[in-house]
Structures are given as C-alpha cells and as structure tokens.
Amino acid sequence: MRLPLALIANVRLLNSGLRIRHSIHNGVIKTSLLSSHNICSRAERKWIKPAGFDTGVKTYNSLTKQKEPLVLAQERIATWYSCGPTVYDHAHLGHACSYVRFDILQRILSRIFEINVIHVMVITDIDDKIIQRSLEQNISPTVLARMHEEEFKRDMQALRVLPPAVYMRVTDNIPQIVAFIKRIIGNGHAYVTSQGNVYFDTQSIGNRYGKLVNLVSCILGAQDKRDPRDFALWKASKPHEPHWESPWGQGRPGWHIECSTIASSVFGSQLDIHSGGIDLAFPHHENEIAQSEAYHQCEQWGNYFLHSGHLHLKGSVEKMSKSLKNYVTIKDFLKSFTANEFRLFCLLTRYRSAIDYSDASMNEAQSTLSTISAFCHNAQAYMQGHLQCQPTEEGILWERLSATQSSVRKALADDFDTPKTVDAIMSLIHHGNCQLQSLRPHSLVIIQNFHDSSGVLNNVVEELVHFRSKVRKFALSVEDQAPQDPHTGSEIQKRHPQPDRVPLLKDCDSLRNNLAPLGVHIKDRGTNSTWEITRRGETRKD
C-alpha cells in the first residue's frame, strides 16, 4: 500500500501546478540584508561567476546568452527581484503567463532544491500611462492605480501565484529614489538639464552599456539629452501632473530608476536573480543594470537575469498586449478554465519559450490534468481498500518511481525543464495505471468492509433509500386521480404508470439489485420501502 502513496507524492507536484507554499522567516531576510553590502570595483564588460553556494541548478542567463551554474551569495538563500505591473488597466493572460511561470520556478527552487527565495516585487503606480488613463477617466491617478493594484493581487491569488515577501510601490519610495539619483550624479554618471530633467550619462560607462543587448538602438525623444541613448532618471513636472519636490525642481521618477532604487534598498549592492518578460530586457533591465552599477560603483550588480517568453494567440506572431488590444483578461479567462489548468498549460512549455494560446493547447492541458487527477483518485482508492485489483508488482514500480524522481530532478536542474518533467511523470502514471487497470466490475467493497461504529453508513443508506422511494412514488403516479363510474360511484381500475416514467422504475429496480450483493437489501412495499444491511458472512433472513 505504500507504493501508490509515493507515486501520488510525485504526481501532486503537477496536479497542483507545483502549488506548495514555502515559508520565509524574518531571520532569513535579516541575514540576507546584513550580508548584501559588498564593495566591488569597476571592471571591463563581462560576466563574472559569483562566489558562494552552488545550487546544482543550471539556468539560462540573459547576461551571457547561455546556461550557467546558479551560484547564490548565501547558502540556500536566493534574493529575487521582479518587475511588477504598471497598474493602469486590467492584467491580462500575457501577464499571467509570466507571473505563473516564475512562480513555478520559485516553487521548484523551494520545494525541490530547498532554497529559500526572498522575492521583492515593485508596483509601478506612477507612470505616463497611468496619468493618461486617469485623465481619460477623470479620476485621480492614485485612485486608478490603487484600484488596479488590488485587482492584480486578486488575479494572482486566483491563479495561485504566491505573493512576494513584500510588494513595494514607487510612490512610497520617492525620497529613496531622489537620494539614489543624487548619488549617481555625484559619481559622475548623470547630469541635470536646464529644463529640470535628470538623465543617465551612458557615455560615462563606455562599453559597459549594453550587457543584455549586442546592438543598442538609439532612442529619440527629449531634445536636452547629450546622447540619444541617455535615459531619464527624473522628469520635470508638466501642468496638472502629480509631482514631488527634488533638488532639481518639481517632478517625478523616470521608469527605470524605481527598480534599481527599490531592489538596492532591500538587497544592497548584490542581487542573485532578476526576472521579467523578455520585452523588458531592453531598455528597462539594461538601464537598471547601468544605473545600479553606477550607484554602487561595482562591476556586477545582478548575477542572473531570467526572461520569460511571450504569450501569443495561436497563429499570431504578435504578443498578447494591451496596446494591440488582442488580450484576454484573467478574470474572463477564469470563467472558462481553472487555475490548475492554466498552470499545467504553462508547465507544458519551457519558461523562456514563446507559448501559443488556443483552444487546442488548453484542451491538451485539461486532458493531461484529468489523467493526473484520475490516477491520484484511483491510487488513493486502492490504498484505502476501495478498489480491488491483481497484486501489484511493487518491485518494478519502486524502480520506476526511483528512476522518475531522478529524471525529474535532473530535468528541473537543467534550466527548469518542465516539459521533460511532465513527460517523466506521465510515463510513471502510465505504468501505475497498468497495475491498477485489472479492476473487477463493481469492485467497490466499501459497504462490506465498512466498520460502522459511528452510524454514518446507516445514515447514508437511509438517505439513498429515501431518495429512491421518492423517485418510485413519482414514477408510479398517474396523471389524475383514478376516475369513478358515474352510475355506481366506484373507482374504475387504475391506469398504468405514464410511459415516460417507466425507465425511472427500471433504474430503481437496478439500484436495488446492484446493492444486494454489497449487503444492502431493499424491500419495496407499495410506494414505500424498507431496508437492512448484512455483513460479510451473514445470511439474510427474509
């Protein structure tokens, strides 16, 4: 009986979409913060393998464009920063795909490789898009942002995405952002214009700008830049826009500076993992790297950058996005599918691959999940003695279980290869089903084996027989009261039951006949019924 339990333990990783919570203790966070302030000197543009704890995992690092050993600064602790939503509209399925995929990766690290992931996510609650949408809807940018922030958190909860250790809003960190910019200026890597804007000086770091991209395209925009590649750290305020005080005048943060400031305020000058959609690699993550290393005066701020592939509608080369108006909201999606079905949909492709969303791909996920659930149900019933089958070849199954566990761990250690993991577990399920498929018809022996000390069984049978009696009474009834002879006043012979109710009577008889071998004996007395239970080995006396 132990074997199916071990199989279920493996399979439930999929059945829950790797839905296993791993607690984070305050002591872990404190330790992380105390050891994060490392002093490092500037060097040429190259990736440096971190010194520290080798997890045994290899992951594709966008900084090197190849798989690298995942080495953490502290043993069994991963500091992880991710770019959260810009909360000006509903979150859609493209967002969900990225967040679910990285949630799965974090669960793999926690559950399989026993690593505590300390995850921080920023909420961008002030931005050009937020301001524009608030003007269109004639509401406060703060009200708009809070409304969509709460909706986003509800959506993530509905998709069973574990929340980060902390959400941090941009507007709650303006003083820290101003101080961060001041230090970059002081280090000689940013400049203030006559219009009150502050730009990062990309020329000041030479060929170190462009760690994530080989060819940096020029971004045209404001005319007070020294170099087209320079990007805003602080934007001078325009009429009717939200603004804050700064040494350079009233304004608000640029887009990229928020992430560098917030990640540094929590993790200091060294970050293990930074994640986001592939569309954020340039310019957002590229600019984060430049300004963070300019602030800390270090050669490598983030050690690993992980990027998820886009979600496409089947047959379209364009990603799902709000700007293209080709999106499905998470709320609408969950009216048709479950969170587990979507999570399995994400498991069927590698996290950094593009993924096609269609009815066919969701049907595949549904079918796979159904197979997993059916196996778990059958194995559980077998262990509880509710299913009878031929003796299982436990030696063979133990070998397959051990091989599957090894295959799963190897696949997940290879850049979190979830498709190969699914294949390995589905193969295990197939062999498990082969052992459980020689079930005899009506092999449910719950009633005969039930030790009913609580009276639960009697109550269940009573309800069943009562329901059957009501069905029989309805099936035996005729349309009207039996007619009377107008001359004698006596009843004319009753009519037969209505033809369309005859199948109900047959089903009632079948139920009675099927329950008899299991020890439940029903006796019909007109429209009423009585019943009794006999145990195995007892002889029924009518």
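The values are calculated or read from the model by the stated rules, or taken from the named source; none is laboratory data. Nothing here was measured: the structure is a model prediction, and the numbers come from that model. So basically every Cβ, Gly included, is an ideal-geometry build from the backbone, and we count neighbours across all protein chains shown. Only protein heavy atoms, including side chains, enter the accessible area calculation; ligands, DNA and RNA are left aside. Shrake-Rupley method; radii C 1.70, N 1.55, O 1.52, S 1.80 Å.
The test for being open to solvent by 10 Å² or more (accessible area, probe 1.4 Å) and assigned by the TED database to the domain that holds Pro69 does not hold for Asp230. Scanning the stretch 351-363 for residues that are surrounded by 15 or more Cβ atoms within 10 Å (Cβ to Cβ) and out of contact with any strand residue (DSSP E or B) (no Cβ under 9 Å at 6 or more places or on another chain) gives a single hit, Met362. Arg495: in the same structural domain as His466 (by the TED database), modelled with pLDDT under 75 and over 53 Å from the mean Cα position of the chain (by Cα), yes or no? Judged against the criteria, Arg495 is a match. For the stretch 334-360, the set of residues classified as hydroxyl-bearing (Ser, Thr, Tyr) and either touching a residue at least 12 places away in the same chain (Cβ under 8 Å) or assigned to a helix (DSSP H, G or I) (or both) consists of Thr349, Tyr351, Ser353, Tyr357, Ser358, listed by residue number. Taking each residue of the stretch 446-473 that is in the same structural domain as Asn528 (by the TED database) and of a type in the set (Ser, Thr, Tyr) and looking for partners that are open to solvent by 30 Å² or more (accessible area, probe 1.4 Å) and modelled with pLDDT under 85 with beta-carbon atoms closer than 9 Å, six or more apart or interchain, yields Ser469/Asp524; Ser469/Thr527; Ser469/Asn528. A search for C-beta distances below 6 Å between a residue of the stretch 261-277 that is under 15 Å from Ala290 (Cβ atoms) and any residue that is of a type in the set (Val, Ile, Thr) and part of a helix (DSSP H, G or I), counting only pairs 6+ apart in sequence or on different chains, returns Thr261/Ile177. Scoring Glu150 on the criteria (1) in a helix (DSSP H, G or I); (2) crowded, with 18+ Cβ neighbours inside 10 Å leaves a single failure, condition (2). For the stretch 416-432, a residue qualifies if it is open to solvent by less than 50 Å² (accessible area, probe 1.4 Å), in a helix (DSSP H, G or I) and acidic (Asp, Glu), but none of them does. Exactly one residue out of Thr392, Thr329 is open to solvent by 20 Å² or more (accessible area, probe 1.4 Å) and either outside the structural domain of Ile108 (by the TED database) or aromatic (Phe, Trp, Tyr) (or both), and it is Thr392.
As for the stretch 454-467, it holds at least one residue that is in contact with an Asp or Glu (Cβ under 8 Å, 6 or more places away or on another chain), modelled with pLDDT of 55 or more and either basic (Lys, Arg) or open to solvent by 40 Å² or more (accessible area, probe 1.4 Å) (or both). The C-beta contact set for the stretch 135-160 (first residue closer than 17 Å to Phe102 by Cα, second residue open to solvent by 90 Å² or more (accessible area, probe 1.4 Å) and in a helix (DSSP H, G or I), distance under 6 angstrom, 6+ apart or interchain) is empty. Looking across the stretch 361-415, just one residue is touching a Lys or Arg at 6+ places or on another chain (Cβ under 6 Å) and in a helix (DSSP H, G or I), and that is Ala411. Val408 meets each of the listed conditions (1) in contact (Cβ under 8 Å) with a residue 60 or more places away in the chain; (2) farther than 29 Å from Ala339 by Cβ; (3) not hydroxyl-bearing (Ser, Thr, Tyr) apart from (2). Go through the residues of the stretch 516-523 one by one and say whether even a single one is modelled with pLDDT of 80 or more, touching a Phe, Trp or Tyr at 6+ places or on another chain (Cβ under 6 Å) and either under 30 Å from Leu387 (Cα atoms) or not in a helix (DSSP H, G or I) (or both). Looking for residues that are modelled with pLDDT of 80 or more, touching a Phe, Trp or Tyr at 6+ places or on another chain (Cβ under 6 Å) and either under 30 Å from Leu387 (Cα atoms) or not in a helix (DSSP H, G or I) (or both), one finds at least one in the stretch 516-523, hence yes. So for the stretch 119-130 (the condition being under 30 Å from Phe53 (Cα atoms), open to solvent by 10 Å² or more (accessible area, probe 1.4 Å) and part of a helix (DSSP H, G or I)), does at least one residue qualify? Looking for residues that are under 30 Å from Phe53 (Cα atoms), open to solvent by 10 Å² or more (accessible area, probe 1.4 Å) and part of a helix (DSSP H, G or I), one finds none in the stretch 119-130, hence no.
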